[in-house]
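What follows is a single structure, written as structure tokens, with notes after it.
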Amino acid sequence: MNRKSLLVALALVLVCLSPVWAYEGLSVATPYPSVTTGETELVIFDLTVKNYDLPPQRIDLSVSGIPDGWDYEFVGGGGLVDAVFVEPESNTKVQLWVAFNGGTASGRHEFSVEAKGSGHSFSLPLSLRLQQDLPQRLELDPELPFIKGTPDTDFTFNVALRNQSAREVLVDLDAQAPEGFSVQFSQQYGGKALSTVPLASGADESIKVTVKPRRDTPEGTYPVTVVAKSEAAQAIANLTMEIEGTPTLKVSGEGGLLSGTAVAGKEKTLAVEVSNTGTADVTDISLSAYKPSGWQVIFTPDTLENLPAGETREIQAVIQPSSNAITGDYSITVRANAKETSASEQFRITVKTSTLWGIVAILIIAAAGVVLVLAVRKFGRR
Amino acid sequence: MRRNDFALRGLRVVTVKELQDFTGSARMVILTALILITAASSLYTATNTMKTVVSEDEFLLLSLFTLSRNPVPSLLSFLSFLVPLTGIAMGFDVVNSEFQNRTLKRVLSQPIHRDVLLFGKAVGALGAMTVVLLALWMLVIGSAMLVLGLPPSTEQVARALAFYGVTLAFGMFWFLVAMFFSVVFRQQATSALVSLGLWLLLTVFWSMIAQVVATAVGGVGSFQAARLEVLLSRISPNTLFAESALALLSPSTRTLGVVMFTQLEGALMGSPLPFGQSLLLIWPQLSALVALLVLLFTASYVVFQRQEL
Amino acid sequence: MATERQSANVVTLRNLSKIYGNNTVAVDSLSLELRKGEVFGILGPNGAGKTTTIRMMLGLTEPTSGSIDILGMDPLRTPLEVKRNVAYMPDDMGFYEDMSGYENLDYTARFLGLGYDERRSRILAAVSRMRLEHRLSDRVRTYSHGMKRRLALAEVLVKRPAIAILDEPTQGLDPHSTAEFLTLIRSLKKEEGMSVILASHHLDEVQSICDRVGLFHAGRMDLSGTVDELATRLFGGKMEVVVEVGETGNRDVAKILGTIGGVSHILQEKEGVYRVTVDSDIRPGIASALVDSDVALYSMDVHRHTLDAVYQAYYKEVHDAA
Ligand SMILES: Nc1ncnc2c1ncn2[C@@H]1O[C@H](COP(=O)(O)OP(=O)(O)OP(=O)(O)O)[C@@H](O)[C@H]1O
Ligand SMILES: [Mg+2]
């Protein structure tokens, strides 16, 4: 307790102890005559108009000294009013709504409410201090702003979002990431996907940011900016993803075809494509085949020193089915082994019967036909 | 001025008459009825089996030929039994009846060559058999459509048609065998008995003989013996027919005869061969059958042409 | 001169031989000529080679050697052309028993390349000639043997051939039908100029219609010609006069007869009966010679040698020679 408050208490005691000084006239009172407010707001003053020992009368209300461009209205009984009627020793409640627009300079503006009865009047000075909005504050705090990974992994950042303002706010979450990256926000627990988070004043929330990079993203560091935005505040967290390259080997037939035909015992050349669909080079590739016994599969070339990312090499596979392979489908597996990785693919080889024997068979029939023709020649003319 | 004589002059006349004889004879009517009735019964059981076994069969039409349920054998086994009999029934008296009726000299004193008669008889028999088997084939296709409710795939129809051709060749083989004996023997009873005896030998006993000979030569259970047995059994046209039918009607058949394990390594089983490959598979069988037909006819031809009337 | 005669021949066989597979010599270098419009009878015992010769003419069996010329064609080279112009009725013919007579005829007629109407009219004409029209639509199975023969003859008529070769055509025909058949052959010969070769064992029939006959023996035809010619060859003359005389005393009647010109052979049959073979009817000469010699002439009969007699004599001769 300081001295000032002691004085106020003393004054209050003095007022209460002086009923002798009976006041006669009008009064317009409001509990908070001086208000500080932000822009684009409406300020409402609750006014009480009181008649002290005067005959009942109508009291006209007006405002003077209000800055240009401000609007005001007296509101009472659910409608706009200009005057109130007050019985002796009683009061009437009325509100003064003051609306101001953007053009108003900040600072202190003084005006007053004038109440005018028959013979008496009263002036209530009001002051409005106009200032910038109370600063809302949001805070975004990444736990680990830097993560390493491969393009086929998810990058998960944990970010703490804090509301450091006096009010509850609705926070929109947004992110800027390189093209083709997908970003998803979710609750730390429960995993529900979010895009808007309501935060009570002073509360915080742990948010999971999951970034999926494009599969073919080349090696490098990629920034992701997470932006949390409320009505009046925003916070930014800069995250960094370091993406490492991966080699991915793929073996396939020419044009994706995984089948071919061959004749038993006869060589057949099949084009095999070895491609690196990854983001890092593959080195020391050697090709081999798992095949039925009696079969021969020779690759030219059968080794590749280096296959840069995104490139495809065609390899000729000379396949010779066993000479006593039976007609129909066989499967052989082509395998590419590299230092970093390996890949394999099954090929369906349809063994066809050589038409050579068909021709021989036709020759046999033809020979039989010749025998018949000779017989007709020899014995026919009868 | 007469036109130059055509070597096959009168062939049409003979063929038409023989066709009428074959199709009109009581013997053929009975045999055809027998074939159609047995076919209908096995088709009936086959379609019933098919309805109870709810499986997506890619080759429904073809399985109509092979499906059987005790006690009714499959259509295929009926055919492999009845078609040779039909051929023999048609052929065993085709030439010697002309001798016995003494019609040959009268006919051959008309302006035709002697061989035209033999050609006409063979062509007439071929025609008659074509008609009978075509009726059967249509019956099968019809049943397939009844069961399926839609026409079968071209692949199946092609296979069924090829099977029809093979059956025809098989029937013609037995016709020509019987015709050969009817040229050789003047007595119809003799030619009939000899034909039936040969049929019995090749149908019933040949497989046993092949087995006995193969084991005697190659030893019990040896690979050589198995190979030899297959080789020997293929001398019988019944084997040729059975193997051709198997490859045509079960498209997943990839090989006929003895298979080594090494040949099956890496093989994707159960996948059907395309029609052309199945055909290539049985090409040796088919051509052997056709060559046999030609040679048999030639044998009959030579004997007949050299015969004194 | 030789070519002239050949051109008049419709059939010429030269040195024709046939040896069957079992080494039976059926025909042995046989030569035969048939002139246009002639009816030629082939005679001979069973197995003489008649049927074999006929078959060779049609190309139904191949000759071992020799040549055949039929209407200027060789049946081995142009068999169809020969068969088109030559009708053949086999000795053992048969029909398709389950077909009607009409169908049988129609079947063989088809080979001639005739149209339906032509076939029908020819068949009906032929069949009415053979008096078979009432049985035409019956199965041949129901025909009698003779009816089948008639059907076979009808088939020959349907063909309207230049040459008909008939192997024992009247076998099994009743006398009436036989007579009709003989009339038919005569009329065919006269009206259509058809040449006929006929093998038969009925000598009287053959004699009644054949212009010439050939006698077969063991595959050869050593004797052929008209019956009179054959009789002349065998008996020295074509007719015989049987002379019956009374008491001759010591006169040698045979000697008296032998002095008469034209007498070639005298045979004393019994006492008072002589058979005199002569070339022509010389009865007046015989009568006057006998009367001049005071021989009582009781009777004198003349008769031609029958084919039967020729046949008997020939085969007796052959038999005796063997
Ligand atoms: N197909 C044949 N094979 C072997 N020999 C045969 C054959 N046909 C006939 N012959 C023989 O040829 C000879 C002549 O027979 P062919 O039939 O020509 O006699 P033919 O004069 O017609 O007798 P027929 O008066 O009995 O009819 C006979 O010795 C007969 O045995
Ligand atoms: Mg005869």
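The values are calculated or read from the model by the stated rules, or taken from the named source; none is laboratory data. Just so it is clear, the structure is predicted and the values come from calculations on it, not from any experiment. Neighbour counts are summed over all protein chains in view; Cβ atoms, including those assigned to glycine, are modelled from backbone coordinates with ideal geometry. For the accessible areas, the whole protein counts, side chains as well, though only heavy atoms, and no ligand, DNA or RNA atoms are used. Shrake-Rupley method; radii C 1.70, N 1.55, O 1.52, S 1.80 Å.
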The Cα extents of the stretch C:130-237 along the principal axes, largest first and rounded to whole Å, are 54, 28, 26
Taking only the alpha carbons of the stretch B:73-128, the radius of gyration and the largest Cα-Cα distance, Dmax, both in angstrom, are 15.1, 50
At 37 °C in a medium of viscosity 0.692 mPa s, chain B has a Stokes-Einstein diffusion coefficient, with Rh taken as the Kirkwood radius over alpha carbon pairs, in µm² per second, of 155
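Loop sites only, by DSSP: take the GluC sites (Glu not before Pro) in chain C that have at most 15 other C-beta atoms within 10 Å and name the longest stretch containing none of them.
On the way: sites that count: C:E97, C:E247, C:E271.
Free of exposed loop sites, the longest segment is C:98-246.
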Taking Cα atoms only, Rg over Rh for the stretch A:138-243 with Rh from the Kirkwood formula is 0.99
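If you take the C-alpha gyration tensor of the stretch B:2-139, multiply each eigenvalue by 5 and take the square root, what semi-axes do you get, largest first, in whole Å?
Numbers: eigenvalues 337, 49, 18 Å².
One finds semi-axes of 41, 16, 10 Å for the stretch B:2-139.
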Per GNM of chain B with C-alpha springs under 10 angstrom, the most fluctuating residue out of B:G171, B:G221, B:G142 is B:G221
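Per residue and in cubic angstrom, what volume does the convex hull of the Cα atoms of the stretch A:169-215 have? Could you put the intermediate results ahead of the total?
Details: hull volume 3.5 nm³, N = 47.
Hull volume normalised by residue count: 75 Å³.
Which value results when the Cα radius of gyration for chain A is divided by 2.2 N^0.38 Å?
Values: Rg = 46.7 Å, N = 382, 2.2 N^0.38 = 21.1 Å.
So chain A has a normalised radius of gyration of 2.22.
Give the peptides B:23-33, A:339-349, C:163-173 in descending order of average Cβ contacts within 10 Å, highest first. Spell out each step's value before the answer.
Details: B:23-33: 13.8, A:339-349: 16.9, C:163-173: 21.9.
By packing density, highest mean first, the sequence is C:163-173, A:339-349, B:23-33.
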Within the under-11-Å Cβ sphere about A:D284, not counting A:D284, Lys/Arg +1 and Asp/Glu -1 give a net charge of -2
Counting Lys and Arg as +1 and Asp and Glu as -1 over every other residue whose Cβ sits under 13 Å from the Cβ of B:Y44, the net charge comes to +2
Check: in the stretch A:249-355 the Lys pairs 8 or more apart or on separate chains whose Cα atoms fall under 24 Å apart number 9
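Only bridges whose two residues both fall in chain C count here: according to DSSP, what percent of them are antiparallel, nearest 5?
On the way: 38 of 55 bridges.
Around 70 percent of the beta bridges assigned by DSSP in chain C are antiparallel ones.
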With every protein chain in place, the accessible area of B:K51 for a 1.4 Å probe, in Å² rounded to the nearest 10, comes to 130
Of every hundred units of 1.4 Å-probe accessible area on the stretch A:163-255, the number belonging to carbon and sulfur atoms, as a percent, is 44
Computed on Cα atoms, Rg of the protein assembly as shown relative to 2.2 N^0.38 Å comes out at 2.08
For the table A:K192/A:K212; A:K148/A:K229; A:K148/A:K192; C:K18/C:K148; C:K18/C:K159; A:K378/C:K50, the rows whose alpha-carbon distance is greater than 19 Å are A:K148/A:K229; A:K148/A:K192; C:K18/C:K148; C:K18/C:K159; A:K378/C:K50
The value for the stretch A:23-131 (convex hull of the alpha-carbon atoms, volume per residue, Å³) is 91
Distance in Å, no decimals, from the C-alpha centre of the stretch B:203-223 to the one of the stretch C:250-264 is 97
Asked for the total accessible area buried by A and B (1.4 Å probe, Å², nearest 100), one would answer 2900
Here the averaged projected area of the stretch C:179-317, based on the convex hull of its alpha-carbon atoms and given in nm², is 10.4
On the accessible surface of chain C, probed at 1.4 Å with all protein chains in place, carbon and sulfur together account for a percent value of 49
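Below 12 angstrom from the Cβ of C:A179, what's the summed charge of the other residues (Lys, Arg +1; Asp, Glu -1)? Please list the in-between numbers first.
On the way: positive: C:R186; negative: C:D174, C:E180, C:D204, C:E205.
Within the 12 Å Cβ shell, the charges total -3.
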Note: chain C, point scatterers on Cα, Debye, no solvent; log10 I/I(0) at q = 0.07, 0.12 Å⁻¹ equals -0.38, -0.88
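What share of the DSSP beta bridges in the protein assembly as shown is antiparallel, in percent to the nearest 5? Display every interim value, and only then the final one.
Working: 158 of 188 bridges.
Antiparallel bridges: around 85 percent, rounded to the nearest 5.
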Per the stretch C:1-135, sqrt(5λ) over the Cα gyration tensor eigenvalues, sorted largest first, in Å, gives 31, 19, 14
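Grab the beta carbon distance between C:N46 and A:A367, set R0 = 56 Å, and tell me the FRET efficiency rounded to 0.05. Working shown, then result.
Details: r = 48 Å, r/R0 = 0.85.
Taking R0 as 56 Å, the efficiency between C:N46 and A:A367 is 0.70.
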